[in-house]
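So the structure is just underneath, and the comments pick up after that.
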């Protein structure tokens, strides 16, 4: 991945989840896709070597502090926060998806609280722990790997794609030889199939690949042929700007596009018992008029944010995090661009504030707890050192 930037992944994702929409939404899709992809591609990094600093070495103390912080956060979130264990398919199988839908319906139209904000900010934290663990040895290394795995399984919820990409980026690690790529693909596919089995999808009449790839385009076709309303392009910018206002400090109303459009195309399912639909990123482009202006704005914001996050990941030497961010940049256009904005803004906060504080916590505590020794004055011949 050292030659592939986040914006390359993003451009590939926009193309992958955009161009097939021509079959259901018409040739205008090609114009909108290119209008968004071009600024993303123009913002891509071209000289990554100049950004990479000398490799930072982490101590065992830093590893222990990171492990302790992760455990404290997981316990807090499991008891008082998002409580993602309730939507974990490893624990509840098919019921996990139903619980996730219930949470989405309950929070529809509302901004996320403090727990939701912390979850987004710390999304890449377990992968950063893995980057640190690769440099350590002994008990601390095992502890970091174990806690990172628990963190990832906790974050997984009912997401098969998240599990697939987690396996891919962990196996690829610091290098990406063809042998390692083949192993990553095999293990990732096995994880995807196992997750589909746990969710009960293999026993249902719907193929998991259909649900992951074809269903968003079917939903987009229903949306574009329905009267689900529209909004001006500046409302799209307004939804983006709302992300800078924490909902737990200033209550705000947000437009839950996927949930609202699901209610529109499936009016006979007012409680969304069949799940919240996704429409690919093209859904928002068609909703906000004029669509071409919306596509250009989306591409400019994605390109600028993607480049900023990529630079910070390189400077922090977080290669596993960078893999995961890249895979998510490819996957998230399956849903909508506002979700990608949320992800990028949260990671900017993590990489600018949280990670520097956590990775240097051991050094800061040492300076705070250990009093500086007074300077010793050397007494030599002819000096007045003794008084």
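The values are calculated or read from the model by the stated rules, or taken from the named source; none is laboratory data. All figures in this text were calculated on a predicted structure; none of them were measured in a lab. Reconstructed Cβ throughout: ideal geometry from the backbone, glycine too, with neighbour counts over all protein chains shown.
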Point to revise | Pick from segment 129-151, criterion free of Cβ contacts under 8 Å to residues at least 24 places away in the same chain and assigned to a helix (DSSP H, G or I), ranking: surrounded by the most Cβ atoms within 10 Å (Cβ to Cβ) | key: 145
**Study point:** Filter result (within 22 Å of the chain's Cα centre (by Cα) and either at pLDDT 90 or above or not in a loop (DSSP other than H, G, I, E, B) (or both)) within segment 45-78
**Key:** 66, 67, 69, 70, 71, 72, 73, 74, 75, 76, 77, 78
**Study point:** Complete set of residues in segment 283-292 that are surrounded by fewer than 18 Cβ atoms within 10 Å (Cβ to Cβ) and part of a helix (DSSP H, G or I)
**Key:** 292
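Out of 267, 251, report the one residue that is surrounded by fewer than 16 Cβ atoms within 10 Å (Cβ to Cβ) and in contact with a strand residue (DSSP E or B) (Cβ under 9 Å, 6 or more places away or on another chain).
None of the others qualify; the one that does is 251.
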Review point. In this structure, is residue 125 over 20 Å from residue 329 (Cα atoms), crowded, with 19+ Cβ neighbours inside 10 Å and under 15 Å from the mean Cα position of the chain (by Cα)?
Key: no
Revision key, fill the gap. Taking segment 135-173 and keeping only residues that are at positive phi and either out of contact with any helix residue (DSSP H, G or I) (no Cβ under 7 Å at 6 or more places or on another chain) or at pLDDT 90 or above (or both), one is left with 138
Exercise for review: Tally the residues that are in a helix (DSSP H, G or I), touching a helix residue (DSSP H, G or I) at 6+ places or on another chain (Cβ under 8 Å) and more than 27 Å from residue 285 (Cβ to Cβ), restricting the search to segment 306-344.
Suggested key: 8
Practice item. Considering every residue within segment 293-308, establish whether at least one is free of Cβ contacts under 8 Å to residues at least 24 places away in the same chain and either touching a strand residue (DSSP E or B) at 6+ places or on another chain (Cβ under 8 Å) or surrounded by fewer than 17 Cβ atoms within 10 Å (Cβ to Cβ) (or both). Key: no
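Condition check ((1) surrounded by fewer than 21 Cβ atoms within 10 Å (Cβ to Cβ); (2) at pLDDT below 95; (3) within 16 Å of the chain's Cα centre (by Cα)) across all residues:
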residue	(1), (2), (3)
314	no, yes, no
319	no, yes, yes
333	no, no, yes
356	yes, yes, no
362	yes, yes, no
370	yes, yes, no
380	yes, yes, no
386	yes, yes, no
Check your understanding: Restricting attention to segment 284-312, which residues are more than 15 Å from residue 125 (Cβ to Cβ) and within 14 Å of the chain's Cα centre (by Cα)?
Key -> 302, 305, 306, 310
